[in-house]
Amino acid sequence: MARIKTIGVLTSGGDAPGMNAAIRAVTRAGIYNGFNIKAIYRGYDGLVTGEIKTFTTENVSGIIGLGGTILKTARSKEFMTEEGRKKAYENLKKEEIDALVVIGGNGSLTGARLFAQEHDVCCIGLPGTIDNDLYGTDNTIGYDTTMNTIVECVDRIRDTAQSHERIFFIEVMGRDAGFLAQNSAIASGAEAAIIPEDSTDVDQLARFMERGIRKSKKSCIVIVSESPKCGALYYADRVKNEFPDYDVRVSILGHLQRGGRPTARDRILASRTGVGAIEAIIQGQRNIMVGVRNNEVVYVPLSEAVRSDKPFDRKLIKVLDELSI
């Protein structure tokens, strides 16, 4: 393998708090180790259109605590085509970029894996997604901040729920993974969580209603993972129809969850994995995601990170059940 001299970095897919800390870490660790760093704006779209700029340490000064991403982000339809990826590769060679660090979630790292296969590019992924659904790392960049945002919102909504004696169904992100819903439910003292890993049927909903209201509870909070068919609105309608005596409301937190200053945990995770990406390149690693597992930096093949389901600890369901009586 030819010696790598220049590293490109981009953020892709949905933004996540801590992405800027990761950009900073890749840039500064790269420069520290003698690499040139080039920033690619607007994700894979910027790679296709050639929106690329040389970065110095000054470009990332003061960004560790900023939410969002200074490089902007986009979901590129053109990059999904073979022709688009060819354009991206041509721009990569034009800019003399030898390796690519991609900060993003499942879709972004899937794109990196395909790009690496087709054009023999050294691609390193960093797990930047609030959903925490990438296999091989205990947490993803942005997850901790988002969970804290959800808990703060639920604490505020509970004031209204208790004042008006209402049942609130609160919808959070994580369509295919219930990590946000389950853990924020435990942290906020919610009565239940409805998640993809634990499908709720009529009997389970009825059991929750009976358990939640029976013991002098006049208000309840239920956290629901977003779903096009069975989201918070769906369950609220069911309760209205099956238990018409109760006052039901819905709150969909939406993109409120993505913003905000990253927590210390997310800044540290982003910094460790960013430095780990540069160390991986120095070691000759290719086509891997850098994660942290059991407090150790680990390298996970991109194919495993995006194809394997992240294990869900079903003991958490029991924890919430016991604490919500």
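The values are calculated or read from the model by the stated rules, or taken from the named source; none is laboratory data. Here the structure is a predicted model, which is why all the values come from computation and not from measurement. Because the Cβ atoms are built from the backbone with ideal geometry, glycine has one as well, and the counts that use them run over all protein chains shown. The accessibility values were calculated without ligands, DNA or RNA, using every heavy atom of the protein model including side chains. Shrake-Rupley method; radii C 1.70, N 1.55, O 1.52, S 1.80 Å.
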* Only one of the listed values, (1) 1.15; (2) 0.98; (3) 1.05, was derived from the coordinates as Rg/Rh (Cα atoms, Kirkwood Rh); which label is it? -> (3)
* With a 1.4 Å probe and every protein chain left in place, work out the accessible area per residue of the chain in Å², rounded to a whole number. => 46 Å²
* Asked: Residue by residue through the range 317-325, which ³J(HN,Hα) values in whole Hz follow from phi under the Karplus form 6.51 cos²θ - 1.76 cosθ + 1.60 (θ = phi - 60°), with glycine and proline marked x?
  -> 5, 5, 4, 5, 4, 6, 8, 9, 6
* Asked: Any idea what angle helix 19-32 forms with the longest principal axis of the chain, computed on alpha-carbon atoms, 0 to 90 degrees, nearest 10?
  -> 30 degrees
* To do: Relative to the longest principal axis of the C-alpha atoms of the chain, give the angle of the C-alpha long axis of helix 143-164, reported between 0 and 90° and rounded to the nearest 10°.
  => 20 degrees
* Structure fact -> Partner lysines whose C-alpha sits under 16 Å from that of LYS240, ignoring same-chain residues fewer than 8 away, are LYS218
* Got a number for carbon plus sulfur as a percent of the range 1-81's accessible area, 1.4 Å probe? -> 50 percent
* Asked: For the peptides 300-307, 12-19, what is the packing order when you average, over each peptide's residues, the other Cβ atoms within 10 Å and list the highest mean first?
  -> 12-19, 300-307
* To do: With both partners inside the chain, how many of the DSSP beta bridges are antiparallel, as a percent to the nearest 5?
  => 25 percent
* Structure fact -> Checking rank on 180-192, 236-248, 31-43, 284-296, with mean other Cβ inside 10 Å and highest first, the result is 180-192, 31-43, 284-296, 236-248
* How about LYS53: which lysines have a C-alpha closer than 30 Å to its C-alpha, ignoring those fewer than 8 places off in the same chain? -> LYS5, LYS38, LYS72, LYS77, LYS86, LYS87, LYS93, LYS94
* Relative contact order, percent, of the range 218-325 when contacts are C-alpha pairs under 8 Å separated by at least 6 residues? -> 11 percent
* To do: Please give the helix 232-242 orientation as an angle from the longest Cα principal axis of the chain, in degrees from 0 to 90, rounded to the nearest 10.
  => 10 degrees
* Structure fact -> Once all protein chains are kept in place, PHE312 shows an accessible area at probe 1.4 Å, nearest 10 Å², of 30 Å²
* **Highest to lowest packing among 105-117, 258-270, 66-78, scored as the average C-beta count within 10 Å** => 105-117, 258-270, 66-78
* Asked: Under a plain spin-label model, where a point goes 7 Å from the Cα along Cα-to-Cβ, how far apart in nm are ALA264 and ASP155?
  -> 1.6 nm
* the chain, relative contact order [Cα under 8 Å, separation at least 6], % -> 23 percent
* Structure fact -> Beyond 18 Å, the calculated P(r) of the range 11-143 holds a percent of Cα-Cα pairs equal to 51 percent
* Heavy atoms of TYR235: accessible area, 1.4 Å probe, square angstrom to 10 -> 10 Å²
* Structure fact -> Rounded to the nearest 500, the 222 nm mean residue ellipticity computed for the chain from DSSP H runs (n ≥ 4, each -39500 (n - 2.57)) alone is -13500 deg cm²/dmol
* Surface share of carbon and sulfur [accessible, 1.4 angstrom probe, percent] for the range 277-325 -> 47 percent
